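Worksheet: one structure, shown below.
The values are calculated or read from the model by the stated rules, or taken from the named source; none is laboratory data. Since the structure is predicted, the reported quantities are computational estimates derived from the model, not experimental observations. Here the Cβ positions follow ideal geometry from the backbone for every residue, glycine too, while neighbour counts run over all protein chains shown. Ligands, DNA and RNA are stripped out before the accessible areas are found, and what is left, the full protein with its side chains, is counted by its heavy atoms. Shrake-Rupley method; radii C 1.70, N 1.55, O 1.52, S 1.80 Å.
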Amino acid sequence: MNFVVVGAQWGDEGKGKLIDILSQDVDITVRYQGGNNAGHTVIVGQKEYIFHLIPSAILRPSKTCVIGNGVVVDPKALLEEIDGLKKRGLPMTNRQLKISCNAHVVMPYHRIMDQLRETKRANKIGTTGRGIGPCYSDKIGRMGIRMIDLLNPLVLKSKLKDNLNEKNDIFSKVYGHQRYDFKKVYTEYLNYGRKLKTYICDTSLFLNEAIDRNKKVLFEGAQGTFLDVDFGTYPFVTSSNATIGGVCSGTGVPPTKIGKVIAAVKAYTTRVGEGPFPTEFKQKMNDMIRYKGHEFGSTTGRPRRCGWFDSVLVRYAATINGASDLAIMKLDVLDGIETLKIAVAYKYKGEIYKDFPHDLEVLSNASIIYETIEGWHESTRQARQYRQLPLNARRYIERVEKLVGVKVKYISVGSKRDEIIVR
Ligand code: GDP
Ligand code: IMO
Ligand code: MG
């Protein structure tokens, strides 16, 4: 069966670790949206790998990894990632990695525009500065440059000319930024095309044909449901559909070929960047969890904001993604906390919100209705079977399960490969 791992909070749920484990039972792993704003961590033995564009299954050389058409690819960042993996002994052949010819390319002016826009905004988003928003804007605005365009000098020339024509004026007149030199960008990107040519193909056909031959595919979500441009805490979101719909539009695989959806959550909540976060901790608890959970962004190194588990949020995520299973990651970070809280509703101006409210005013100012649950003193890190977890940890999991309405199948109790319980 083909299945999807989707983040059900604000990203960094531990998708990378989960994908690394789940990918052993599939043939192909594919990223369907986002770009190198993502940072997916996989720890094998003493080695830590952080993937930004390449699917987290790449450490299994017999498997194929695909960067789907819905992803925005910064070729410079991708080549660095490929070279890094080659240095660490992976062959990185075109059997191992395939890139959609239709994936849009992050250009240097996208990165700079991302940063310039942020500096001008009063309500900052706190983007990763990787050019993701401007690149998707150009895609939808029909100005974008695709991977396949990097392989055709004539097409690249004409598209880049058009783009710089418009953008150089914006850069110089609106932002007082220097203009881009056509020749320089053109040569640089043709060169990227030459280097990446071997990996570029029609991945939609590749995936569909593989599925028709009974190959198993795992779809790797980046970001999370509340960073989704349609369903998230807009405008404090990313520019793609991290949720389930992004799988079909971002790979060309129809919904009839997708079986299961695994929603990944942390046992608590984190968020990087700006925007509402109803269950955010106060300073002291924030510092404690950040330290225990090493909550610093994998891409930008920024400290992550931390808070209690929010069942209002996750129940909504489970609904819109059609979650079949829940994966609860980082349970071990809650070890030793006397009393735990789970948000069950919000309250604002006398009104109770049991379902996720989309009004920024409510999200930013609501008081939170919590349930408290007794914590556990024991370490959960050694547990490999559900029954080996402390009683209160099981109570916590079962309460989450009940509130979200989805069965918890995976429980992660440490960052290493084997620190997982499959129920
Ligand atoms: P992703 O973006 O969803 O792939 O998540 P990140 O890799 O950005 O962040 C998750 C972090 O938590 C990484 O540093 C992982 O190594 C780590 N991690 C994953 N699962 C666990 C776990 O069960 N326990 C602990 N302590 N760390 C974990
Ligand atoms: P993974 O895949 C957490 C956040 C940024 C910012 C907002 C918009 O590792 O879970 P962008 O650069 O995308 O325009 O920034 O989205 N963000 C993430 N937060 N995990 C991620 O990816 C993220 N990718 C983007 O911090 O708030
Ligand atoms: Mg991450």
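Scan the range 206-256 residue by residue and report those that are of a type in the set (Phe, Trp, Tyr), open to solvent by 40 Å² or more (accessible area, probe 1.4 Å) and not in a helix (DSSP H, G or I). Spell out how you get there, then give the answer.
At the first step, the residues of the range 206-256 found to be of a type in the set (Phe, Trp, Tyr) are 206, 219, 226, 231, 234, 236.
Filter once more, so that each one left must be open to solvent by 40 Å² or more (accessible area, probe 1.4 Å): 206, 231, 234.
231, 234 - these are the residues of the range 206-256 that are of a type in the set (Phe, Trp, Tyr), open to solvent by 40 Å² or more (accessible area, probe 1.4 Å) and not in a helix (DSSP H, G or I).
Taking the range 1-16 as the search range and keeping residues that are within 10 Å of ligand 1 (Cβ to nearest atom) and open to solvent by 20 Å² or more (accessible area, probe 1.4 Å), which one is farthest from the chain's Cα centre (by Cα)?
14
May I ask you to verify whether residue 279 is under 18 Å from residue 316 (Cα atoms) and more than 16 Å from ligand 1 (Cβ to nearest atom)? Step through it out loud before you land on a result.
Numbers: under 18 Å from residue 316 (Cα atoms): yes; more than 16 Å from ligand 1 (Cβ to nearest atom): yes.
Answer is yes for this residue.
Per-residue answers, yes or no, for (1) within 16 Å of ligand 3 (Cβ to nearest atom); (2) open to solvent by less than 60 Å² (accessible area, probe 1.4 Å); (3) acidic (Asp, Glu); (4) touching an Asp or Glu at 6+ places or on another chain (Cβ under 6 Å):
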| site | (1), (2), (3), (4) |
| --- | --- |
| 114 | no, yes, yes, no |
| 118 | no, yes, yes, no |
| 127 | yes, yes, no, yes |
| 130 | yes, no, no, no |
| 138 | no, yes, yes, no |
| 143 | no, yes, no, no |
| 152 | no, no, no, no |
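Mind checking which pairs have a first residue in the range 280-296 that is assigned by TED's automatic domain parsing to the domain that holds residue 381 and within 18 Å of residue 413 (Cα to Cα) and a second that is of a type in the set (Ser, Thr, Tyr) and buried (at least 18 other Cβ atoms within 10 Å of the Cβ), Cβ under 9 Å, 6 or more apart or different chains?
289/268; 289/270; 290/270; 293/268; 293/270; 294/415; 295/270
Which count do you get for residues in the range 97-135 that are away from ligand 1 (no atom under 16 Å from the Cβ), within 30 Å of residue 60 (Cβ to Cβ) and hydroxyl-bearing (Ser, Thr, Tyr)?
1
From 22, 90, 53, grab the single residue that is more than 19 Å from the chain's Cα centre (by Cα), open to solvent by less than 30 Å² (accessible area, probe 1.4 Å) and among the aliphatic types (A, V, I, L, M).
90
Tell me yes or no: at least one residue of the range 372-381 is over 28 Å from the mean Cα position of the chain (by Cα), within 15 Å of residue 278 (Cβ to Cβ) and open to solvent by less than 60 Å² (accessible area, probe 1.4 Å). Steps first, answer last, please.
So in the range 372-381, the residues over 28 Å from the mean Cα position of the chain (by Cα) come out as 372-379.
In the following step, the residues that additionally are within 15 Å of residue 278 (Cβ to Cβ) were identified as none.
Looking through the range 372-381, none of the residues is over 28 Å from the mean Cα position of the chain (by Cα), within 15 Å of residue 278 (Cβ to Cβ) and open to solvent by less than 60 Å² (accessible area, probe 1.4 Å).
Are there strands (runs of 3 or more DSSP E) fully within the range 25-94 with at least 2 residues that are more than 13 Å from ligand 1 (Cβ to nearest atom)? List them. Step through it out loud before you land on a result.
Working: elements: 28-31, 40-44, 47-51, 64-67.
It comes to 28-31, 64-67.
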